[in-house]
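Below is one structure, written out as C-alpha cells; the observations come after it.
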Amino acid sequence: MIKTHALISFLVCVLLTETCHSYELIGTGALSEELVARHYTINPRLDAIIVVDRTTPTFEYQTFYSAGSADEKEGEQGRLHFLEHLMSGDDQIVIENGGYQNAATSYHYTRFILRFPKDKFDLAVEIDRDIYYNTVINEEVVEKEKKIILTERSRSLPNLTRKFTSYFFSLIYKKKNFDTLGNKAFIQRLEPDDLKAYYENFLRLQKRLVVVIGDVDVKQLLTKLDDTYGNEQIIGELSNKLQASQFPNPELLGRKFRVTSKNLSISKFRKSWYTPNLGHRDYAGLLILTTILNKTSNSLKSYIVDSELARAFSVGLGDYKGFGLMNCVADLPHDTSPDTVQAIIRVKLKKIKFISEDELNAARNELLHSMYSEFYDRSSMAGSFGRAFAHANDPLLYPKLLKNIKSICREDIPRIIDQYLTDDNSITLSLTLSAKEEPSLNKNLMPRTLLHYGIMILIFAGFLTLLIWNKKKLHRKFSRKANEYVSESDA
C-alpha cells in the first residue's frame, strides 16, 4: 500500500508539474487597498516578495544579500564592495533591452537593482542567476576594477560629512577606520583567488531576498523563480548573519567624544540615542517624534536653524541589524558650542511631552503621507522590504509599521522620551578645530587674576605716557618751525 501511494505521488509530480513546486506563500501585508505584498519562500536560502502594480508596464527586480560592510572583519572591509562591482558586470545587455541596472553596498546588505519593461522578466531572472552562479573573477577584471574603486575612494576622501560618519560608526561597530570602500592598501593587495573564495564561501552562503514590484503575472513569475532556484543544491551551512544582534558597543552609551582637526570651515555635531529596531512598536512612536522635531516651523529644527546656531540641522531615525539610532546631526559655526545645542534639545523634548492630540495627529498624518508616497516609488518600496529583511529577518515589517504608527497615542510620547531619549542612553560626537586654531574669542573667556589686571594697567599707563611725550615733542617741533618762519619773514 505504501509503495502504491508513493508511485501515485511520483506520477502526480511528473504529469502535473504545476502542483509540484518548491515555493510556498508564508505571509501577506497590505500597503494600501491597491498594493499587497506577498511573501514566498523559494528555497531555504531564498525568499521573494511580490507586489503587483499595473500603473506602468514595467517592473522592479531587486536582490538583497544579507551581508554588508559592517559584517566584514576588522581591517578587511572593502571585499563586499569590490564583489558588488564585479557582480554587476557589463550592463550592455540591460541597455539594449530598455532596462536599468545599479548596485550598492550598505552596512548590512548588498543590493542589486534591475528595472525592465514588463515583457523582460525572464531576462531579469537570467541576469540575476548569472550574478549568483557565474560572476567572472579573474586577473583582468580584478585589475580593471581596482582602478575604478581606488578612483571612487579618492573622490570620497575630501568629503567631511563622510569622514565624520565613518568615525561615528567606527565607534558603534568597534572597528578602526570603518570604511565601506576599504583602505587603499587592502584594495591594492586583493587577488582574484581571495575574492573568488569570499564570493563562494561567504557571500553566496548568505540568505537572499528577491523583490519584484510592477506589472507582472504572479504565477509566471513564481514558475520562473522555481525553475531557476527551486532545486538549488545547498552547499555549506546557511550563514547565521540574519540573527538579530544587540547593540554592538554598549560601553559607548552616556559618553561624549570630541575629535579635532585643522582648517575646518565648520564644526560637526551628532547626538545619537540607542533605540529599538523597526519591528518594535516604540519605533513607530520615535518616527512620529522625528517628524515633530523636523517640522518647518515651531520645531527644534526651525528654532536652531532660524536662530543661526547651526548652518544645517536634521533629526533622523535609522534602523540597523537588531537596533535603531535616533540622530540629531548639525553643521555648526565655530562659535556655537555643542553644549548649547544639547541644552536646546533637552528643553524641546521636555515640551513635547505635553503634546496635544491635534499636534500628534497632524504629525502622524504627515508621516503616513510621506511613507505612502515613498511606497509608490517602486525602488524605494523595494528598499524598505530589503532593509526589513536584512535588519530584522522579516521583509513584511513595513506593513506592520504602518499599523503601529496608527496605534500610537498621546500617552506613549512621554514614556518613549523618558525611556530612550536620555543622555545616559546616547552617544555624542563633535568635530571641532584643534585648540591652536580656535577663534580668539574663546581665549577672552579665560578667568582674570590680579596679575592680569596689573599688567593691563601698566600697559595702559605706558601707552598714555608715550602719547603725552609724543604730543610735547610735536609741540616743540612746530614751535621751532614757527619761530624760523617769523625770522625769515622779518628779514
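The values are calculated or read from the model by the stated rules, or taken from the named source; none is laboratory data. Keep in mind the model is a prediction, meaning the values are calculated, not measured. For neighbour counting, all protein chains shown are included, and Cβ atoms are generated from backbone atoms with ideal geometry for every residue, glycine included.
Of note:
- Any chance ALA388 is part of a helix (DSSP H, G or I), exposed (fewer than 15 other Cβ atoms within 10 Å of the Cβ) and on the phi < 0 side of the Ramachandran plot: no
- Of all residues in region 23-34, those satisfying the criterion of being over 27 Å from the mean Cα position of the chain (by Cα) and touching a residue at least 40 places away in the same chain (Cβ under 8 Å) are TYR23, GLY27, THR28.
- Screening the candidates ARG54, ARG111, ARG115 for the property of being closer than 23 Å to LEU221 by Cα, outside any strand (DSSP E or B) and in contact (Cβ under 8 Å) with a residue 40 or more places away in the chain yields one hit, ARG54.
- Residue check for LEU80: among the aliphatic types (A, V, I, L, M), more than 17 Å from ASN183 (Cβ to Cβ) and buried (at least 22 other Cβ atoms within 10 Å of the Cβ): no
- Hits in region 57-85 (condition: closer than 11 Å to ARG208 by Cβ and in a loop (DSSP other than H, G, I, E, B)): SER66, ALA67
- Subset of region 338-376 (residues that are outside any helix (DSSP H, G or I) and loosely packed, with under 12 Cβ neighbours inside 10 Å): PHE354, SER356
- Subset of region 148-190 that is in contact with a Phe, Trp or Tyr (Cβ under 6 Å, 6 or more places away or on another chain) and among the aromatic types (Phe, Trp, Tyr) - its residue that is modelled with the lowest pLDDT: PHE178
- Enumeration of residues in region 281-295 that are among the polar types (S, T, N, Q) and in a helix (DSSP H, G or I): THR290, THR291
- Only listed residue being more than 26 Å from ARG45 (Cα to Cα), buried (at least 20 other Cβ atoms within 10 Å of the Cβ) and out of contact with any helix residue (DSSP H, G or I) (no Cβ under 6 Å at 6 or more places or on another chain), chosen from GLY98, GLY75, GLY182, GLY68: GLY182
- Per-region count, region 128-137, residues surrounded by fewer than 12 Cβ atoms within 10 Å (Cβ to Cβ) and either part of a loop (DSSP other than H, G, I, E, B) or modelled with pLDDT of 95 or more (or both): 1
- Residue count for region 156-179 under the criterion of being surrounded by fewer than 17 Cβ atoms within 10 Å (Cβ to Cβ) and out of contact with any strand residue (DSSP E or B) (no Cβ under 9 Å at 6 or more places or on another chain): the result is 9.
- Unique residue being among the charged types (D, E, K, R) and either surrounded by 13 or more Cβ atoms within 10 Å (Cβ to Cβ) or in the same structural domain as GLY318 (by TED's automatic domain parsing) (or both) when the list is ARG153, ARG189: ARG153
- The test for being surrounded by 15 or more Cβ atoms within 10 Å (Cβ to Cβ), over 30 Å from GLU143 (Cα atoms) and at pLDDT 95 or above holds for GLY214.
- ASN298 vs. criteria surrounded by fewer than 22 Cβ atoms within 10 Å (Cβ to Cβ), under 18 Å from the mean Cα position of the chain (by Cα) and assigned to a loop (DSSP other than H, G, I, E, B): no
- Among (1) modelled with pLDDT under 95; (2) surrounded by fewer than 18 Cβ atoms within 10 Å (Cβ to Cβ); (3) of a type in the set (D, E, K, R) - the single one ARG255 does not satisfy: (1)
- Tabulated pairs, region 378-393, first under 11 Å from GLY322 (Cα atoms) and free of Cβ contacts under 8 Å to residues at least 40 places away in the same chain, second of a type outside the set (Ser, Thr, Tyr) and crowded, with 24+ Cβ neighbours inside 10 Å, C-beta under 8 angstrom, 6+ apart or interchain: none
- Among residues of region 419-438 being assigned to a helix (DSSP H, G or I) and touching a residue at least 60 places away in the same chain (Cβ under 8 Å), the one that is farthest from ASP331 (Cα to Cα) is GLN419.
- Residue check for ARG38: in a strand (DSSP E or B) and surrounded by fewer than 22 Cβ atoms within 10 Å (Cβ to Cβ): yes
- Near pairs, Cβ below 8 angstrom, 6+ apart or cross-chain, from region 344-372 (assigned by TED's automatic domain parsing to the domain that holds ALA310 and among the aliphatic types (A, V, I, L, M)) to any residue that is surrounded by fewer than 18 Cβ atoms within 10 Å (Cβ to Cβ) and in a loop (DSSP other than H, G, I, E, B): ILE355/ARG410; LEU360/CYS409; LEU360/ARG410; ALA363/LYS295
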